[in-house]
Amino acid sequence: MSGPVVECVPNFSEGSDARRVEAILAAMGGAGASLLDWSMDADHNRSVVTIAGSPASVVEAAIRGVGKAVELIDLTRQRGVHPRIGAADVIPFVPVSGVKLEQCVLLARQAGLEIWRRFGVPVFFYEAAAARPDRANLEEVRRGQFEGLRDSVTRDPSRRPDLGGPDLHPTAGACAVGARKFLVAWNLYFDSSDVSIVRAIAREIRAASGGLRGVKAMGVLAHGRAQLSMNITDFESTPISQVYRRVASLAARHHAAIAGGEIIGLIPEAACEQNSEWMRQLSGFDPRLKILEHRLGAPLRWPDGK
C-alpha cells in the first residue's frame, strides 16, 4: 500500500450467523479499504474484522459496517461470554505507516460523529481518543454491558455518551470508537473446564489489578474449556513470552496446564517471538495469513453478502 496507511479493527456482536457477518463485510467493501482478516466465535458471539488503507477509505468502511450491524444485530436478543455495549461494539483506529496516533484520534472523532448522524447510535470515545480521562480504559466504558449501561444513562449523567443520547439505541446500543497502538488479541485454553482457575489467573496478570503492564485479561468458558482471553497492549514493554511464563506458573499452582492458544485477528511482526513456547502452542498459525505486514501485501476478497 502506498501513502498513509491506517488499520481499523471493528468488533461486531455477532459470531454465530455467518450470513450476517458477511453482509456486514459486504457493506464495508465498497469504500476502497482492504480486507485483511475476519473471524467469528460463537461462544463469544463476536466477530473481529481487520481492514487497512487510506485514512478516508478506512473511516468510511468502518462507518458502513456500523450501519449494517445496526440493521442486523438486536442486542436485546444477543448473548455471549464477551462483554459488549453495541451491535458494533468497538471501532479502533491504529496508525500503520505515514500516520501518527494523534491523527487517528481525529479519524475516530470523525467516524464517531458520522455514526451518530447517520444511524442514531450514541458514541463513547476511548483510549487515545477519550474525551474524558476516565474513559481511556475500555473496560470502564463497557462497565455493566449493554443492559447495565442502558439503565444507568437515564439516571447517572456521568455514564452518558460523548456523542448523542442520552438514551442508547434501543437495539444497537452504543459504539465505542477509539484510537490506539497495535495490540495482540491472544487466547489460551486450559486442560480444564473450571472457569474459576482462569478468572483467578486473569486477576493476577491484568495491569488493572497490579499485574503485568499492558495486559488485559478475563476468564471465560469457551468451546467447553476454560479460556484466558487477553489483549496485550504493550508487547514492547511486556513481551508475550513473559506473559506466557507467568500464566504457566500460575496455572501450575492450580494444578492446571495450558493446552493451546490462538491469535484473534492479526499480529504485528514485531510481537512475534520465533521458536518461543507460546508461538508453538498456537493453533493453525500461518505467518502468511496472521502477520499484519504479510497481509498488507495480499488482502482478502470482500464477501458479496449474498
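Just so it is clear, none of the values below were taken in a lab; they were calculated from the coordinates. All figures in this text were calculated on a predicted structure; none of them were measured in a lab. Here the Cβ is made from the backbone with ideal geometry for all residues, glycine too, and neighbour counts use every protein chain on show.
A few remarks follow.
- For the range 107-157, the set of trypsin sites (Lys or Arg not before Pro) satisfying both a DSSP loop assignment and a count of at most 13 other C-beta atoms within 10 Å is given as Arg155.
- Residues considered: Val58, Val81, Val66. Largest GNM mean-square fluctuation over the chain, using C-alpha springs under 10 Å, is found at Val81.
- Look at the alpha carbon pairs under 8 Å that are at least 6 residues apart: their mean separation over the length of the range 1-126 gives a relative contact order of 33 percent.
- Three-way shape label, the range 117-240, alpha-carbon gyration tensor, a/c 1.5: prolate
- Net charge of Cβ neighbours under 11 Å - reference Ser97; Lys, Arg +1; Asp, Glu -1: -1
- Its Cα gyration tensor gives the range 5-179 an equivalent ellipsoid. The semi-axes, each the square root of 5 times an eigenvalue, are 23, 20, 13 Å from largest down.
- The chain: calculated mean residue ellipticity at 222 nm from DSSP helix runs of at least 4, using -39500 (n - 2.57): -9500 deg cm²/dmol
- Of all aspartates and glutamates in the structure, those lying under 16 Å Cα to Cα from Lys68, and not within fewer than 8 positions of it along the same chain, are Glu14, Asp17, Glu22, Glu60, Asp89, Glu114, Asp304.
- Distant-in-sequence amide contacts of Val99, defined by a placed amide H-H separation under 5 Å and a gap of 5 or more residues or a different chain, comprise Val5.
- One Cα centroid belongs to the range 28-60, the other to the range 190-255; the line between them spans 27 Å.
- Charge dipole of the range 5-179 (Cα centre as origin; +1 on each Lys and Arg Cβ, -1 on each Asp and Glu Cβ, all else neutral): 340 debye, rounded to the nearest 20.
- The range 1-77: trypsin sites (Lys or Arg not before Pro) in DSSP loop, at most 15 other beta carbons within 10 Å: Arg77
- When +1 charges are put on Lys and Arg Cβ atoms and -1 charges on Asp and Glu Cβ atoms, the dipole computed for the chain relative to its Cα centre reaches about 360 debye.
- Electrostatic bookkeeping for Ala207 treats Lys and Arg as +1 and Asp and Glu as -1; over the other residues with beta carbon under 10 Å from its beta carbon, the sum is +2.
- Gaussian network model of the chain, springs between alpha carbon atoms under 10 Å - residue of Gly29, Gly214, Gly112 with greatest fluctuation: Gly214
- The chain: radius of gyration over Cα atoms, expressed as a fraction of 2.2 N^0.38 Å: 0.95
- The GNM of the chain, with springs linking C-alpha atoms under 10 angstrom apart, assigns the highest mean-square fluctuation among Lys100, Lys216, Lys290 to Lys100.
- The range 184-296: mean projected area of Cα convex hull, nm²: 6.5 nm²
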